[in-house]
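The values are calculated or read from the model by the stated rules, or taken from the named source; none is laboratory data. Nothing here was measured: the structure is a model prediction, and the numbers come from that model. For neighbour counting, all protein chains shown are included, and Cβ atoms are generated from backbone atoms with ideal geometry for every residue, glycine included.
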Amino acid sequence: MKNQALIEKLNKLTLPIVQSNGFELYYLEYVKEGGENIFRVYIESENGIALDDCVKVSRAISDMLDVEDPITDEYNLEVSSPGVFRTLFTEEHIRRYLDNPVLLTLKSLINGKKKYEGILRELNEENLVLVVEGKDVEIPREKISFVSLNPSL
């Protein structure tokens, strides 16, 4: 099964479990890190996420995975909060955190820099616009490797 098809299937199976436990599904991914496959599920709640919440959701997802068996490879399941320095994986995440401080990591240098910190001002089809030291800086979307909240800014 191709990775995107697997992600879609995992999302379909995981979403109702997360919601039935009173949480929102922030993001899920199936990645290879350090030679190991990891099925990672990020959950969130207006009241925050405690370790017990992650354990409860992890057990429920694990039970479902034992029955449905959608992943043929050996893997580890991780359930966690996206945290305050959360990665903004999707366009919806980026839109949700407009006017918040972020850290952008780029695939290649722009104006001699590979990292930009600033206030996320705008998102359009071509660029993300940050306010850096009082000036708007347009960063082409295709040059962005990673976007995360940066509440320490």
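The listed residues are R59, R40, R86, and the only one of them that is in contact with a strand residue (DSSP E or B) (Cβ under 8 Å, 6 or more places away or on another chain) and more than 22 Å from L120 (Cα to Cα) turns out to be R40. Residue count for the range 124-134 satisfying the condition of being assigned to a strand (DSSP E or B) and within 15 Å of N100 (Cα to Cα): 5. Condition test on I71, is it of a type in the set (V, I, T) and under 21 Å from E29 (Cα atoms)? Spelling it out, I71 is indeed of a type in the set (V, I, T) and under 21 Å from E29 (Cα atoms). Of the residues making up the range 64-80, those that are in contact (Cβ under 8 Å) with a residue 40 or more places away in the chain and either among the polar types (S, T, N, Q) or surrounded by fewer than 13 Cβ atoms within 10 Å (Cβ to Cβ) (or both) are E68, T72, N76, S80.
Looking across T14, T105, one residue alone is in contact (Cβ under 8 Å) with a residue 24 or more places away in the chain, of a type in the set (S, T, Y), part of a helix (DSSP H, G or I) and within 26 Å of L149 (Cβ to Cβ). It is T14. Residue count for the range 139-153 satisfying the condition of being assigned to a strand (DSSP E or B) and at pLDDT below 95: 1.
Restricting L98, L88 to those that are crowded, with 17+ Cβ neighbours inside 10 Å and either in contact (Cβ under 8 Å) with a residue 60 or more places away in the chain or touching an Asp or Glu at 6+ places or on another chain (Cβ under 8 Å) (or both) reduces the list to L88.
The single residue among Y30, Y75 that is farther than 23 Å from V147 by Cβ and aromatic (F, W, Y) turns out to be Y75.
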